[in-house]
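To keep things clear, I will list the structure first and then write my remarks on it.
The values are calculated or read from the model by the stated rules, or taken from the named source; none is laboratory data. Note that the coordinates shown come from a computational prediction; the quantities given were computed from them, not determined experimentally. In this analysis, Cβ positions are derived from the backbone assuming ideal geometry, glycine residues included, and neighbour counts consider all displayed protein chains. Protein only, heavy atoms only, side chains kept; ligands, DNA and RNA dropped before computing areas. Shrake-Rupley method; radii C 1.70, N 1.55, O 1.52, S 1.80 Å.
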Amino acid sequence: MKLGEFLLDSSTIQRRVAELAKEIGAYYGKELPTIIGLLDGGLFFVVDLVRQLGSDVRVICWRLRSYVGTSSSGRVCGLEVCQDDLRGQRVLLVDDILDTGRTLESASRRAWELGATEVELCVLVRKASSSGLSCQPRWIGFEIPDVFVVGYGMDYCGRYRTLPSLWALSPAEERIQAAERTTIQSPRCR
Ligand code: 5GP
Ligand code: MG
């Protein structure tokens, strides 16, 4: 494995997830929202978060893709199959990272189209360059620099997800990725 800088250890992440669950619970009170976990990257985060929100909360997942290797392809694929009936529901979208904002913007638009009456956002990490975007989550776990991160559900080509802590990928690994990128296909929307 070629991991670079260590960013967040697993107990710091777990403590923050518990705080976020408390804040979210306080905001919604008895009227818990429909939680939509965005996969694959948000997998571990959404699981840990919703288990602390009680048994009444409705949880669904959408699988969206936009990243190719370590950069955004500029397109968000997978929304066309998200057909859940959200009429009359308050929705909370939960994702791993806010980067360009395209994923959360597109997912929010889809939730409104499906009838949501309120759409809020929660991310585990926000990259520094995305702090000026118009689409801003109400709940943000951590601010991180503009680096490509892996661990706690976040992957590079499917690897490193199972690391309990968050790491930046090393420059050496990034060079390997650049070489590999020629063989990695862009996501194709149906
Ligand atoms: P955005 O649409 O905001 O550019 O990117 C959001 C999605 O891209 C996230 O849901 C995540 O899946 C992926 N992503 C963005 N930055 C990173 C990163 O540093 N590491 C990993 N593993 N995925 C990322
Ligand atoms: Mg994602």
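Once you sort the root eigenvalues of the Cα gyration tensor of the chain as a ≥ b ≥ c, which label holds: rounded (a/c under 1.5), prolate (a/b larger than b/c) or oblate (the other case)?
Here the chain falls in the oblate category.
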For the chain, take the longest principal axis of its alpha carbons; what is the angle in degrees between that and the long axis of helix 102-113, to the nearest 10 within 0 to 90?
20 degrees
What accessible surface, in Å², does a 1.4 Å probe find on TRP139, ignoring ligands, DNA and RNA and rounding to the nearest 10?
10 Å²
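Which net charge results when you count Lys and Arg as +1 and Asp and Glu as -1 among the other residues whose beta-carbon is under 14 Å from that of THR103?
+3
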What residues qualify as long-range amide H neighbours of PHE148, i.e. H under 5 Å apart, gap of 5 or more or another chain, H built at 1.01 Å from N?
LEU169
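What fraction of the DSSP beta bridges in the chain is antiparallel, stated in percent and rounded to the nearest 5? Intermediate values should be presented prior to the final figure.
Details: 10 of 33 bridges.
Beta bridges within the chain, antiparallel portion: roughly 30 percent.
Quick one: putting +1 on the C-beta of Lys and Arg, -1 on the C-beta of Asp and Glu, what dipole do you get for the chain around its Cα centre, in Debye to the nearest 20? Walk me through the numbers on the way to the answer.
On the way: 24 positive and 24 negative charges, 67 e Å.
So the dipole magnitude of the chain works out to roughly 320 debye.
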Quick check: the distance between the Cα centres of the range 8-50 and the range 84-136, to the nearest angstrom?
14 Å
Ignoring ligands, DNA and RNA, what accessible area per residue does the chain give at 1.4 Å, in Å²?
49 Å²
Dipole magnitude of the range 51-154 about its Cα centre, charges +1 at Lys/Arg Cβ and -1 at Asp/Glu Cβ only, in debye to the nearest 20?
80 debye
Compute the acute angle (0 to 90°) between the alpha-carbon long axis of helix 171-181 and the principal axis of greatest extent of the alpha-carbon atoms of the chain; round to the nearest 10°.
80 degrees
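Please identify the trypsin sites (Lys or Arg not before Pro) of the range 54-94 that satisfy two criteria: DSSP loop assignment and at most 16 other Cβ atoms within 10 Å. Which are they? Provide the component values of the computation, followed by the final result.
Details: sites: ARG58, ARG63, ARG65, ARG75, ARG87, ARG90; in loops: ARG87.
Listed in order of number, the matching sites are ARG87.
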